[in-house]
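The values are calculated or read from the model by the stated rules, or taken from the named source; none is laboratory data. If you're wondering where the values come from, they're calculated on a predicted model, not measured in any experiment. Every residue, glycine as well, gets a Cβ built from its backbone with ideal geometry; the counts of neighbours run over all protein chains shown. To get the accessible areas, we keep the full protein, side chains included, count just its heavy atoms, and leave off ligands, DNA and RNA. Shrake-Rupley method; radii C 1.70, N 1.55, O 1.52, S 1.80 Å.
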Amino acid sequence: MALEPLTGLRVVDLYAGSGALGIEALSRGASHADFVERRGSAVAVLRGNLTRLGLDDLATVWTLDLTLGLKPLRAALGAAHLVLLDPPYRLGLATAAVERLGAGWLRSGARVVAEHHTRDELPERAGTLVQSRSRRYGETAVTTYLNEAPS
């Protein structure tokens, strides 16, 4: 997932794993990143990566299972300019996350970028989210949404 300059933006990295996407966002000028991961072993790696790179002060790490809902992330999602998600492929998690995010969690104008398997059909519209582009790279697709919720 290639990222543009993100100076001053708040980013949420869902299904963060080692934190690569959120860390890349911070390296491109994001002011803060919230990392969300459920697996303790991945959270340990993520925290280690943030510490080694000196990014602890710019990050919040959440140990959450997103299949249980987004409620604990209400404030972080409401402040986010960009949400990145790269869930495990072929489990329907990308579609479920996009549908949940489109149910009023995000600020107006926020973008959602989802990396997923090309066989996972993401919706063109999910609540307030409208698909703005989708690109395929082999068996991987990257789909971008714009949140069209009123301010």
Report yes if some residue within the stretch 131-139 is more than 19 Å from Ser18 (Cα to Cα), aromatic (Phe, Trp, Tyr) and not in a helix (DSSP H, G or I); otherwise report no. yes
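Restricting the search to the stretch 101-138, which residues are more than 20 Å from His81 (Cβ to Cβ) and crowded, with 17+ Cβ neighbours inside 10 Å?
Of the residues in the stretch 101-138, the ones more than 20 Å from His81 (Cβ to Cβ) are 116-125, 134-138.
His116, Asp120, Leu122 - these are the residues of the stretch 101-138 that are more than 20 Å from His81 (Cβ to Cβ) and crowded, with 17+ Cβ neighbours inside 10 Å.
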Single residue of Ala94, Ala80, Ala59, Ala103 found to be hydrophobic (A, V, I, L, M, F, W, C) and in contact with a Phe, Trp or Tyr (Cβ under 8 Å, 6 or more places away or on another chain): Ala59
Which condition number in (1) under 23 Å from Gly8 (Cβ atoms); (2) part of a loop (DSSP other than H, G, I, E, B); (3) touching a strand residue (DSSP E or B) at 6+ places or on another chain (Cβ under 9 Å) is the one that Pro87 fails? (1)
Is it the case that some residue within the stretch 73-91 is more than 16 Å from the chain's Cα centre (by Cα), open to solvent by 40 Å² or more (accessible area, probe 1.4 Å) and either closer than 27 Å to Ala141 by Cα or among the hydrophobic types (A, V, I, L, M, F, W, C) (or both)? yes
